[in-house]
Structures are given as C-alpha cells and as structure tokens.
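The values are calculated or read from the model by the stated rules, or taken from the named source; none is laboratory data. What you see is a predicted model; the values in this text were computed from it and never measured. Because the Cβ atoms are built from the backbone with ideal geometry, glycine has one as well, and the counts that use them run over all protein chains shown. Just the protein is used for accessible areas: all its heavy atoms, side chains included, with ligands, DNA and RNA removed. Shrake-Rupley method; radii C 1.70, N 1.55, O 1.52, S 1.80 Å.
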Amino acid sequence: MKKNEYEKSVEELNLYAKHYYVLDNPITTDEVYDRLYHEVLEYEAQHPEDILPHSPTQRVGDSVSEGFVKAKHLSRMWSLEDIFNREDLEAWLKKTYKLDANISFYCEPKYDGASLDLVYENGVLVRGITRGDGNVGELITQNVKTIRSIPLTIEHKALIEIRGEVVIFKEEFEKINASRMQEGEAPFANPRNAAAGSLRQLDSSITAKRNLVFLPYGIGENSLREKLLHEKMQTIYKMGFRKPPQSAVCRNIDEIEAIYQKMHQERDSYEMMLDGMVIKVDEMSAQIDMGYTVKVPRWAVAYKFPALEKITQVKDIILQVGRTGAVTPVAIVAPVEIDGAVVERATLHNFDEIQRKDIRIGDSVIILRSGDVIPKIMKVLVHQRSGEEKEFVKPTHCPICASELLQEDVLLKCQNLLCEARVVNSIIYFASKPCLNIDGLGIKIVETLFKSGLISNVVDLFSLTLEDLLTLEGFKEKKAYNLLRALENAKGCEYWRFINALGIEHIGEVASKTLADAFGVAFKSVSKEAIIACDGIGEEMAESLLEFVRVNRETIEKLESILAPLEPLQKEEAQENPFKGKTVVLTGSMSESRGAIKTLLENLGAKVSSSVSKKTDFLIYGEDAGSKYEKAITLGVTTLTEEAMRGMLL
Ligand code: IVH
C-alpha cells in the first residue's frame with residue numbers, strides 16, 4: 001500500500017464506520033471492512049510517522065451518537081481477537097498455554113447482535129448501557145426494560161454487571177422486514193442491524209414491539225465466588241437469564257475443534273444468527289493472571305464462522321411463473337461462494353421490492369444467505385454505481401404465454417390457466433416431497449413429458465405406459481420402470497398428501513393436515529362455517545378451498561378414484577382426565593421437546609393450540625416463558641408449570 005492509498009483507505013473505512021455505527025445502515029460487509037482495516041493496520045505498523053489521527057485504528061471501540069445520555073461502565077467492556085481456522089487456533093492455544101499450561105476452555109456461541117451491559121443493585125435492574133467505546137456507552141434503561149428475557153429483578157442482592165448480546169431471532173427479522181417493506185420503509189440489512197437499531201430507539205414503545213432477546217455471555221463488576229467461568233455462567237442462568245443453545249468445557253484442541261464444527265454445522269438450525277464461537281479460559285484465576293492487551297483479553301478469542309454476507313453483482317433479472325400464475329423476479333448474480341455453497345441466484349419476492357431497494361442490472365449488492373432459505377439481496381451499494389446500470393422495467397405480459405398480467409395485491413399474476421409454466425409447475429408441485437412424493441418425477445422429466453405431449457395435466461400421469469416412456473429421449477427401460485413404479489406407489493397415500501397435492505391456493509401442508517383430520521373425504525362438501533371452525537383456518541383459506549372445489553370437482557374425484565388416498569384413522573377416545581376436551585397452549589422450554597408434550601396431551605384428548613385466547617383452558621409453561629404467559633395472566637387463563645401438569649395426571 002502506498003501513502004495515498006493508505007489515506008484513501010482511512011477515508012473509506014470512516015465512511016463505512018459512520019454508516020454502520022451512527023446511521024445503523026451499513027454500506028459494505030464486515031468482511032470487506034475487516035480486510036481493509038487490517039491492510040491499514042499493517043501500513044501503520046510499517047509507517048508509524050504517517051498515522052492519521054482520525055484513522056479508525058486510533059480509537060478503541062465505536063463512537064457514541066447524540067440523543068442518549070452517556071453512562072460509564074463499572075468495568076471496561078472488551079472486544080475479542082478474531083481467528084479463522086485451525087492454524088490460527090493452534091497459534092492462539094500455543095500462546096495461551098505459554099501463559100498457563102494448566103487450563104481448560106469454556107466454549108459458547110458468538111451471537112451476532114448488539115452488546116449490552118446490565119447493572120443490578122440490590123437485586124434490581126438499575127441501568128442498561130450500550131457498549132459504546134467500551135468505557136462509556138449510552139443509557140438505554142427504558143428500552144432494555146421492554147426486553148422480556150431480561151429480568152427486572154434478581155435474587156442476587158450484591159452489585160453485579162451482566163453482559164450479553166441483544167439479538168433478533170431470524171424468524172422475527174423476516175417478519176419485521178416484511179412489514180417494513182409493506183409500510184414503504186427500507187428493510188434492515190441483517191438481524192444484527194435490526195437489533196442494534198431497535199435497541200437505540202428514542203421511543204421505547206418501538207423497542208418493545210421488536211421482540212428482542214438478551215443472551216448473557218459474561219460478567220463485569222461482581223462478587224461471585226465460583227472458581228470456573230462455566231460455573232459462574234450457570235449461576236447467571238439460574239438468576240433468570242437465557243442459556244446458550246450450545247456450550248462445552250474443552251480440554252484440548254480436538255475437543256475445541258469438535259464443538260466448533262458442530263456449532264458451524266448446526267448454525268442454520270439456531271433461532272439466532274451466530275458468527276462464530278467464543279473460546280474462553282475457564283479458570284477465573286488464570287484469566288486474572290493473563291490479563292489484557294490494549295484492546296482484547298488474552299484469555300479469550302473469537303473463532304469466526306465463514307461470513308454469510310458477500311458482495312456480488314446483479315447480472316440480470318429474470319422472470320419465473322409459478323403454479324399459481326404469480327410472476328416473480330429473480331436476480332442472477334455473479335457466482336459467489338457463501339459458507340460452502342455457490343450462490344448464483346437471489347430471490348426478489350416481488351416487483352415492489354425491486355423498486356423499494358432500487359435494484360438495477362449491473363449494481364453491486366450485498367447478499368445474505370441465512371438459514372436454508374434462498375439468498376436475498378439486502379442492499380445496493382449505491383456509492384459504487386458507474387452510471388451504466390440499467391433500471392428494470394416491470395413486465396405487462398406473461399413471459400411464457402404472453403397473456404396480459406394482472407396486479408393482485410403485491411403480486412403480478414398470469415391469468416391463463418393453461419399457461420405452460422403454470423401447468424408444468426403444478427405437476428412438479430403435485431409430485432414434490434410434501435405432496436405425493438413421487439421419486440424421479442422432478443423438473444426435467446415433467447418438462448420433457450409435457451413438451452412431448454404425453455401429459456397435459458396430473459391425471460394423465462397415471463395413464464403413462466412403458467411404450468410411451470420409451471419414445472422419450474434419455475429413457476431406457478430401467479428409468480421408465482422406476483418412474484412407473486413410483487407412480488404406482490403414490491396410490492394409497494395419506495389423505496392430507498392428496499389434499500396438499502391439489503395445490504389449492506393458501507392451503508399448505510399444515511392446513512391440508514387439519515382438513516384431512518377434520519373431514520377426510522368429506523372435505524369437498526363441507527360448509528364454509530365448518531371449515532372456518534378449524535383451528536388455524538381463516539376466511540380467505542375457506543373461500544379458496546370452496547372455489548377450487550367448485551371449479552375442479554370432476555378432476556378431484558377422478559384423481560381420488562385413481563389414487564385411493566387413505567382416510568385418516570379416527571383416534572381412540574381418551575380415558576377421563578383433567579385435560580380431555582380442553583384447549584391447551586404450551587410455552588417456554590420444557591424437559592422434553594414441545595412436540596413430544598403436544599403428542600402426550602393430544603393423546604389425552606386435549607386440543608393443543610398455538611395462541612392464547614379467552615377460549616384457552618390451560619397455559620402450560622416451561623423455562624423462559626414470554627409473552628404467551630403474560631397474555632394468559634391478563635386473560636385470567638389457568639397457568640400450570642410442566643411439573644404441575646404432570647402431577648395432575650398421577
Ligand atoms: S465475550 C472479555 N462472548 O462479540 C470478553 N462476546 O467481538 C468480551 N459477542 O463485544 C466478549 N457473543 O458484543 C463474548 N459469547 C460471547 C459473545 C460475544 C457475541 C460479541 C460482544 C463483543 C464482541 C466481540
């Protein structure tokens with residue numbers, strides 16, 4: 001790096017930092033920031049005389065923005081050194097073992113959110129402070145009090161500072177962004193920004209609506225006497241704080257690697273975003289001996305996971321027509337590897353989203369791959385535009401059958417029932433896993449069968465013959481036999497699969513199961529009132545079902561006679577017990593999985609519902625019960641601990 005490049009890089013980093021920390025609106029990824037930051041650091045190490053006073057390396061921590069009162073942490077909030085691979089880990093362990101050879105390590109997830117310091121005096125939460133620059137942060141006590149996983153009082157009476165990360169669960173993040181987009185507001189770039197932004201609202205009623213979650217990871221000022229960190233953390237959890245989804249005490253590198261790999265593999269299945277695993281020396285006395293460098297503790301390190309956000313370029317925007325006729329735009333992006341998968345496409349949901357995010361062909365964008373959902377474009381890097389980018393024009397006609405498109409709510413839809421894309425996609429859906437699960441009937445084969453004229457709807461599938469299939473390119477006897485056998489195996493399927501496979505709008509897997517259980521074969525001839533009386537089925541779904549049956553009765557009956565789906569078994573009547581015929585809601589974490597307890601109660605003849613209402617007879621709660629518990633108390637619903645519920649069955 002030359003001097004002028006160094007100066008430019010400092011400006012660039014400061015611009016990124018301002019957008020990230022002050023405006024809560026990042027314009028690049030952590031990865032790009034960190035890389036540039038390290039380049040700047042390296043240059044400064046070689047040319048200390050050139051160091052600019054406003055270089056981001058010259059401050060420890062982040063700036064504190066206007067608007068909140070400042071507050072000092074009782075003891076400093078540190079950050080962590082990052083490592084990225086086994087080699088780095090070996091080097092870190094070697095360095096650490098040199099300081100003390102006789103140690104073990106407490107490993108827990110590194111949550112991707114905003115750090116928070118809580119001060120309890122006399123067992124009462126008196127202050128909540130953001131990290132700020134590590135010494136001084138912003139006082140946000142009012143906002144913090146709206147977070148349900150933060151106890152307002154604890155039994156421990158001595159002064160204690162509890163540190164942790166405030167996060168937004170992935171599911172909640174999707175909901176918030178969907179509603180922001182509907183309101184015409186810009187979506188949050190990622191769950192971390194959503195958490196940080198929600199925490200620093202001047203109006204705490206906004207914070208309250210965001211369903212933030214606090215996950216403790218450490219202790220500042222305190223008088224706890226446990227000799228091991230993991231014991232201290234147990235004490236914190238017992239005070240009423242959430243436990244990590246995974247943690248372990250490790251004695252050597254292999255144990256550390258094993259738990260790291262496990263967390264990395266399971267990353268998608270956690271409710272919160274993780275960006276790595278934190279490794280901390282477990283022995284408190286060793287932590288004290290090892291101490292700190294100017295920035296970070298010597299007794300802890302962040303072992304990062306591969307980034308989930310990457311920068312790439314939009315090459316094109318193409319249109320897909322689904323089985324319901326909805327035309328959705330999909331971005332084709334320059335291929336990038338994100339945590340083990342090569343990403344080439346990103347969903348754009350609908351045309352409003354392209355407009356709201358102002359996505360143009362040729363734009364550099366940040367894409368996020370979170371969970372197993374299709375990657376999404378989170379942000380356009382407007383400052384990188386060259387002027388050559390092309391705006392995307394919303395289509396007026398179906399790209400497949402050329403018939404006119406109609407706007408229905410946020411969706412643009414092809415109205416032509418015979419549109420090839422609609423027919424082909426509904427056949428693919430019919431054969432897919434949550435429907436009839438017909439092995440070997442994937443996209444390619446369905447397209448071939450349709451194009452050759454052998455099938456024009458799902459009913460035709462069942463009159464295919466060996467001779468038919470052998471006329472197709474790529475079909476030898478074995479493949480043809482396999483397909484015929486798979487079609488034959490679909491006969492006698494469970495009834496809900498039959499309903500689901502029909503592809504009725506708004507009726508998915510869950511609703512199909514409900515309808516199959518409630519009505520079986522009679523689902524085609526029940527009244528609207530009876531349909532709406534089912535748990536989880538509303539007016540729109542009922543109308544969609546009735547309309548579908550009205551238009552397609554003949555096809556449904558034909559398919560039913562071919563497939564002979566099995567009627568669901570009527571459950572045996574349960575013996576008398578306190579839960580029989582009662583409506584029950586479950587919340588919090590219990591000794592067994594929620595599913596297992598649901599089955600137990602259903603076998604007792606209870607109806608297990610997902611939300612608390614006046615009709616609820618019992619709310620059964622486990623640890624960390626949240627809003628459902630409070631709602632039950634407000635509505636005067638009887639609440640029972642899991643233990644009490646089991647007691648009633650003895
Ligand atoms: S320990 C003295 N543990 O990561 C040790 N930090 O990169 C200080 N973070 O500012 C931090 N999960 O906001 C620790 N399990 C965890 C964490 C964690 C997330 C955040 C924290 C910290 C940042 C450092």
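Under the condition of being farther than 18 Å from Pro375 by Cα, within 13 Å of the ligand (Cβ to nearest atom) and either open to solvent by 30 Å² or more (accessible area, probe 1.4 Å) or not hydroxyl-bearing (Ser, Thr, Tyr) (or both), the residues counted in region 264-317 number 22. Under the condition of being open to solvent by less than 10 Å² (accessible area, probe 1.4 Å), among the hydrophobic types (A, V, I, L, M, F, W, C) and within 16 Å of the ligand (Cβ to nearest atom), the residues counted in region 90-122 number 5.
Taken over region 394-446, the residue count meeting the criterion of being open to solvent by less than 70 Å² (accessible area, probe 1.4 Å) and of a type in the set (S, T, N, Q) is 5.
Here Tyr43 passes the criteria (1) within 16 Å of the ligand (Cβ to nearest atom); (2) among the aromatic types (Phe, Trp, Tyr); (3) in contact with a helix residue (DSSP H, G or I) (Cβ under 9 Å, 6 or more places away or on another chain) except the one numbered (1).
On inspection, His383 passes the criterion of being surrounded by fewer than 13 Cβ atoms within 10 Å (Cβ to Cβ) and touching a residue at least 24 places away in the same chain (Cβ under 8 Å).
Number of residues in region 237-263 that are modelled with pLDDT under 95, assigned to a helix (DSSP H, G or I) and in contact with a strand residue (DSSP E or B) (Cβ under 8 Å, 6 or more places away or on another chain) equals 1. If you go through region 339-354 and pick out every residue that is modelled with pLDDT of 90 or more and open to solvent by 30 Å² or more (accessible area, probe 1.4 Å), you end up with 3. The set of residues in region 136-163 that are away from the ligand (no atom under 16 Å from the Cβ) and either in a loop (DSSP other than H, G, I, E, B) or exposed (fewer than 15 other Cβ atoms within 10 Å of the Cβ) (or both) comprises Lys145, Thr146, Arg148, Pro151, Leu152, Thr153, Ile154, Glu155, His156, Lys157, Ala158, Leu159. Only residues that are surrounded by fewer than 15 Cβ atoms within 10 Å (Cβ to Cβ) and under 19 Å from Glu494 (Cβ atoms) were counted across region 567-597, and they come to 6. Among the residues of region 21-34, is there at least one that is among the charged types (D, E, K, R), assigned to a helix (DSSP H, G or I) and surrounded by fewer than 13 Cβ atoms within 10 Å (Cβ to Cβ)? No - not one qualifying residue is present in region 21-34. For region 509-543, a residue qualifies if it is surrounded by fewer than 17 Cβ atoms within 10 Å (Cβ to Cβ) and hydroxyl-bearing (Ser, Thr, Tyr), and the qualifying residues are Ser525, Ser527.
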